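Below: the structure, in structure tokens.
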């Protein structure tokens, strides 16, 4: 064991900033991180063991116990439940004979839950040894578990056709589907790799940024910060090393558009990074890829290598003296919060993904304390298209304040879930028509951190100042119990994914969940509703976007569907309804064999 | 000489030096802004959020925000104190804070802040969550019931060669502070005392001694937390 | 005009709060000028004989008897005060809340404890005994409580000042030195 671990450490030059990579490689090798490995890391990196454990225990996919020869992570997002996850979950437990969050005694199978894996349009879905299995049914589970018991290779666990497009590439070989329903600008087929680079090498750096400024491009991750400003802030820092990160950690439940871009148009993303590299004078790009998309890593690395061979990356790109730009891939470890840009940087530096306080902003002090630009996958793709076709073309798309197109990942109760590249400004009604959704109770715009809207708001437009979104759209049909099926799931998601650093986020989210449960149980009172709205102001004191929106599943439904809550309330009384004496004495009576007699 | 400029806190005009945080400017001028995770000499972390103030109408943490000319800061207002109180109350129910049994009672910053903010009872139900006491270290005891995860121990207490003695484990509401069993095995009495002192609550205690200060002579028995800062104003 | 009536009780408490109440020393004479007592260990009246103005509760709710008494207090008193840490947050008895089951609690108390001699290993289960609740509850989680006076025990001055304020229709404004959680 020692030898393998030492090799891994040496491979990353014993650089403690690459701790994440080392831990991920060790996990890959042993299905867990053995104590001896922690000893070696501690010794070689000169870090205390608690420091290493601090990082390990933060990430969902890094474990201290063996997760089994076949490790099964079944997604537990709302879209999964809508598609029949409950049956699949039962089937897994029945076929394997073990419960979730355990490993079979022989160490063969481990069953675990996991947050959204970016397959919402083909749920229920699971990751088994990092390979994606979609559209699961009880029959398919049976087949998978049987094949596991027969010792088959992960590739052969389930008979299924490979997905369309690049999903069938020999380096991916995944049954994942792209489900592209509409492509407009980013996903259109008119892209020729190198076209943007050819253009910019004839330009000054400023000109490139100006073109982006004129196109009025805003960040596509959700926050909508002007891209050119981020670039300018970094470009204006004193000379020295600068970094470019592409944020491919799309963890918002219900979003999967970056997966499709990275599968079908990875050159577009890498070229966008190189363009940014030229514009801000940086020679190092890092793609932060969420762990759930690990199955794309080899393929993406191959694309990078091919681009290097064509001199679209590497030294003296396209013969331009002084234009050097390299890209490496940094894997995440399973943490939604790492989609927050400063948490992402912490993670990339080998730490827990706890967001940093701002200022300083990453543009000034980012990765390894150097100026850093962090852009979303879709943003960087847009950059290339803007340079190819000009800012006028781009500005013609969308609305005045939201230029261009947006990739929507649409799932839930509709006929045609999948990717829709629309122009900003489309109404929810139009969108629902497009995806074939009838009898809609609510639409979750922007994932759990976004807004859950009701039919009387369906004439609103998807654009930054009205209904902003990073791209996750979940359609919720009339037959769903909104509070139980959706709001509770999302609230639990935030509790699971909170980094736990800020007190309101760590503590109040749990209190929100308990209060919601109280209301669902028919024990809530009006004061509970008033309180949940008041606590919003405390949640907004949290450091990062996760904490500042973790109450949204409850608060947006409380605002938009007040009747759902109010109809479950009881009158507040001097004797609290939450307390049930017969329940409270039950355990004692069971223990002592006494009859539960309660005199009134 | 450093640049000096004016800011106001709750309408009082103060002189600030370039580069100083709002917290520092306030403290130097006899104005108390409550803190829990901030600690003299440590890089701020801004995780407890109780030092939140309104800067020109926006909520910011005083421990990390650098003062700049003309800032109008709200600090001791009913609105902000109510938000702080809610935060403190969540800590009381998330952990198990049995003050009467705690050696740090009277010297505890969380408790003192509750006094100052006039918390009689938390508005939330107590969680009574199951938490461990780790007494494996020969010199120190870690009581997870009382830990408020401010990370002051992890940030402030290091080995001679700069390694971490304390660190977090897990994430979200499952976070625990943990002690490096091997490195802390031979911890000196001095270091152990430092660890106990840096802890704002009674989560880190020294073994084989206790209740040194009788009731009535403890830090916050007679005067509220922040009193030492506010005294500056009177001079 | 008749004097306001006060009732007091100790639920799962140690009577320390009542002791502290008596610590108002000679002011107790003034107190008897100000109020009448009804159900209370102070005058040993066991059951409510009339409606009261102020009910003072010491101790949390650990068993079925505590629960019934607390409900009686709520029904018979206009104002209820949780007095002391146990009433407010369960206090020391609530230290069992986050531990194991009732079964292990009883075993620890009656069988396993090194200080216990119980050769027949009987866990008392007489029908007359109050039944333990699954955990010790703060009073306000069971009935509405109007005021909270913290402390273990609450300082006598805190109790006195609060009562005087209430009797005079004023807000309770505790002095810093009397307002403690221990």
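The values are calculated or read from the model by the stated rules, or taken from the named source; none is laboratory data. Source: prediction; values computed, not measured. Positions of Cβ are generated from backbone atoms using ideal geometry, with glycine treated the same way; all protein chains shown enter the neighbour counts.
Take residue B:148 and tell me if it is in contact (Cβ under 8 Å) with a residue 24 or more places away in the chain, surrounded by 22 or more Cβ atoms within 10 Å (Cβ to Cβ) and not in a loop (DSSP other than H, G, I, E, B). Full working, then the answer.
Working: in contact (Cβ under 8 Å) with a residue 24 or more places away in the chain: yes; surrounded by 22 or more Cβ atoms within 10 Å (Cβ to Cβ): yes; not in a loop (DSSP other than H, G, I, E, B): no.
No, not satisfied.
Results for (1) part of a loop (DSSP other than H, G, I, E, B); (2) on the phi < 0 side of the Ramachandran plot, shown as yes or no for each residue.
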site	(1), (2)
A:237	yes, yes
A:240	yes, no
A:244	no, yes
A:247	no, yes
A:252	yes, yes
A:263	no, yes
A:274	no, yes
A:278	no, yes
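When you scan the stretch B:2-92 for strands (runs of 3 or more DSSP E) that lie fully inside it, which ones turn up with 2 or more residues that are surrounded by 23 or more Cβ atoms within 10 Å (Cβ to Cβ)?
Working: elements: B:4-9, B:12-17, B:52-55, B:58-61, B:72-74.
Counting at least 2 such residues, we get B:52-55.
Would you say residue A:563 is within 24 Å of residue A:476 (Cα to Cα), out of contact with any helix residue (DSSP H, G or I) (no Cβ under 6 Å at 6 or more places or on another chain), at pLDDT 95 or above and surrounded by fewer than 17 Cβ atoms within 10 Å (Cβ to Cβ)?
On the way: within 24 Å of residue A:476 (Cα to Cα): yes; out of contact with any helix residue (DSSP H, G or I) (no Cβ under 6 Å at 6 or more places or on another chain): yes; at pLDDT 95 or above: yes; surrounded by fewer than 17 Cβ atoms within 10 Å (Cβ to Cβ): yes.
For residue A:563, the condition - within 24 Å of residue A:476 (Cα to Cα), out of contact with any helix residue (DSSP H, G or I) (no Cβ under 6 Å at 6 or more places or on another chain), at pLDDT 95 or above and surrounded by fewer than 17 Cβ atoms within 10 Å (Cβ to Cβ) - is met.
From the list A:304, A:286, exactly one residue is under 15 Å from residue A:330 (Cβ atoms), touching a helix residue (DSSP H, G or I) at 6+ places or on another chain (Cβ under 9 Å), part of a strand (DSSP E or B) and modelled with pLDDT of 95 or more. Which is it?
A:286
Picking from A:177, A:184, which residue would you name as being touching a strand residue (DSSP E or B) at 6+ places or on another chain (Cβ under 6 Å), under 30 Å from residue A:424 (Cα atoms) and part of a loop (DSSP other than H, G, I, E, B)?
A:184
Restricting the stretch C:138-177 to residues that are within 26 Å of residue C:67 (Cα to Cα) and out of contact with any helix residue (DSSP H, G or I) (no Cβ under 8 Å at 6 or more places or on another chain), which is nearest to the other protein chains (Cβ to nearest Cβ)?
The extreme case among them is C:141.
Under 7 Å between Cβ atoms, which residue pairs at least 6 apart in sequence (or on different chains) link something in the stretch C:26-55 that is touching a residue at least 60 places away in the same chain (Cβ under 8 Å) with a partner that is surrounded by 13 or more Cβ atoms within 10 Å (Cβ to Cβ) and part of a strand (DSSP E or B)?
Every condition considered, the pairs that remain are C:35/C:5; C:35/C:6; C:54/C:6; C:54/C:77; C:54/C:79; C:54/C:81.
Quick one: which helices (runs of 4 or more DSSP H) sit completely within the stretch A:1-84 and have at least 3 residues that are over 20 Å from the mean Cα position of the chain (by Cα) and within 14 Å of chain B (Cβ to nearest Cβ)?
The helices (runs of 4 or more DSSP H) meeting that bar are A:35-45, A:49-56.
Which residues, taken from the stretch A:324-363, are in a loop (DSSP other than H, G, I, E, B), away from every other protein chain (no Cβ under 13 Å) and more than 23 Å from residue A:26 (Cβ to Cβ)?
Once the filter is applied, which keeps residues that are in a loop (DSSP other than H, G, I, E, B), away from every other protein chain (no Cβ under 13 Å) and more than 23 Å from residue A:26 (Cβ to Cβ), the stretch A:324-363 yields A:324, A:340, A:362, A:363.
Regarding the stretch A:467-476, can at least one residue be identified that is farther than 22 Å from residue A:542 by Cβ, surrounded by fewer than 20 Cβ atoms within 10 Å (Cβ to Cβ) and in contact (Cβ under 8 Å) with a residue 24 or more places away in the chain?
As a first pass, look at the stretch A:467-476 and keep what is farther than 22 Å from residue A:542 by Cβ: A:467, A:471, A:473-476.
Going one step further and asking which of them are surrounded by fewer than 20 Cβ atoms within 10 Å (Cβ to Cβ), we end up with none.
No, every residue in the stretch A:467-476 fails to be farther than 22 Å from residue A:542 by Cβ, surrounded by fewer than 20 Cβ atoms within 10 Å (Cβ to Cβ) and in contact (Cβ under 8 Å) with a residue 24 or more places away in the chain.
Could you tell me how many of the residues in the stretch A:490-531 are touching a residue at least 60 places away in the same chain (Cβ under 8 Å) and outside any loop (DSSP other than H, G, I, E, B)?
Of the residues in the stretch A:490-531, 6 are touching a residue at least 60 places away in the same chain (Cβ under 8 Å) and outside any loop (DSSP other than H, G, I, E, B).
Tell me, yes or no, whether the stretch A:480-488 has at least one residue that is buried (at least 24 other Cβ atoms within 10 Å of the Cβ) and touching a residue at least 24 places away in the same chain (Cβ under 8 Å).
Yes, the stretch A:480-488 contains at least one residue that is buried (at least 24 other Cβ atoms within 10 Å of the Cβ) and touching a residue at least 24 places away in the same chain (Cβ under 8 Å).
Name the single residue, out of those in the stretch B:93-117 being touching a helix residue (DSSP H, G or I) at 6+ places or on another chain (Cβ under 8 Å), under 20 Å from residue B:215 (Cα atoms) and surrounded by fewer than 21 Cβ atoms within 10 Å (Cβ to Cβ), that is nearest to the other protein chains (Cβ to nearest Cβ).
That would be B:100.
Specify which of the listed residues (B:170, B:130) is more than 23 Å from residue B:102 (Cα to Cα), in the same structural domain as residue B:108 (by TED's automatic domain parsing), surrounded by fewer than 23 Cβ atoms within 10 Å (Cβ to Cβ) and more than 17 Å from the chain's Cα centre (by Cα). Spell out the reasoning first.
Details: B:130 fails: more than 23 Å from residue B:102 (Cα to Cα).
Result: B:170 is the single residue among B:170, B:130 that is more than 23 Å from residue B:102 (Cα to Cα), in the same structural domain as residue B:108 (by TED's automatic domain parsing), surrounded by fewer than 23 Cβ atoms within 10 Å (Cβ to Cβ) and more than 17 Å from the chain's Cα centre (by Cα).
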